[in-house]
1. If I filter the stretch 115-132 for residues that are within 30 Å of GLU41 (Cβ to Cβ), at pLDDT below 75 and in contact with a Phe, Trp or Tyr (Cβ under 6 Å, 6 or more places away or on another chain), do I get at least one hit?
2. Take the conditions surrounded by fewer than 18 Cβ atoms within 10 Å (Cβ to Cβ), assigned to a strand (DSSP E or B), more than 10 Å from the chain's Cα centre (by Cα) and at pLDDT below 90 and apply them to GLU99. Does it pass?
3. Could you please let me know if LEU74 is surrounded by 14 or more Cβ atoms within 10 Å (Cβ to Cβ) and within 16 Å of the ligand (Cβ to nearest atom)?
4. Any residue in the stretch 57-67 that is away from the ligand (no atom under 16 Å from the Cβ), at negative phi and in a helix (DSSP H, G or I)?
5. Looking at the stretch 34-71, which of its residues are among the hydroxyl-bearing types (Ser, Thr, Tyr) and surrounded by 11 or more Cβ atoms within 10 Å (Cβ to Cβ)?
Amino acid sequence: MKFIAEGDLGQLAKRLIMLGFDCSYDGGMSLIDLFQAAALEERILLTRKPLAETMKIKIFRVTADDPNQQLAELAGIYPLFERAEPFSRCLVCNVRLEELKYSAAAEQEKDKRDGPEVPESVIERGLPLCYCPKCRRIYWHGSHIERMKTQLAKAGFEIRIEH
Ligand SMILES: [Zn+2]
């Protein structure tokens, strides 16, 4: 179950990626490009336009204006609740995150791995980390995840994270 979102559905795309779904989004893509990518990569096209489905492309038409309601609309048709893997993708690249193995002692002695720099506050708390293999951003279960959980809760998703 993969998606591609048209230009004005960026907030919906972001929420899908937060939930761990593969959702391709590039605000500048033309409708023809979107169709081609959807067909080639077998993605469900998310659009606000009343487009007819073709033999090759599945289309989901979004009607709500609010991105949380848009997500709820989509969850009414596709099994998003059942298949969500929250916070498993990079919000920028839509790439699956990998576990970042690091030792606090080595980080503090500036004996860096070949990888992204880990913020000191995170090292001190010994939090589990993930990183994006494409842009090398680091993700951890900090305040930004709490904010995302609040957003997703508004769309009806109750997220629990087990450490
Ligand atoms: Zn990334």
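The values are calculated or read from the model by the stated rules, or taken from the named source; none is laboratory data. The shown structure was predicted, so the numbers you read here are calculated from the model rather than taken from an experiment. Every residue, glycine among them, receives a Cβ derived from its backbone with ideal geometry; neighbour counts consider all protein chains shown.
1. Yes, that holds for at least one residue.
2. Answer is yes for this residue.
3. No; evaluated as a whole, the condition is false for this residue.
4. yes
5. THR47, THR54
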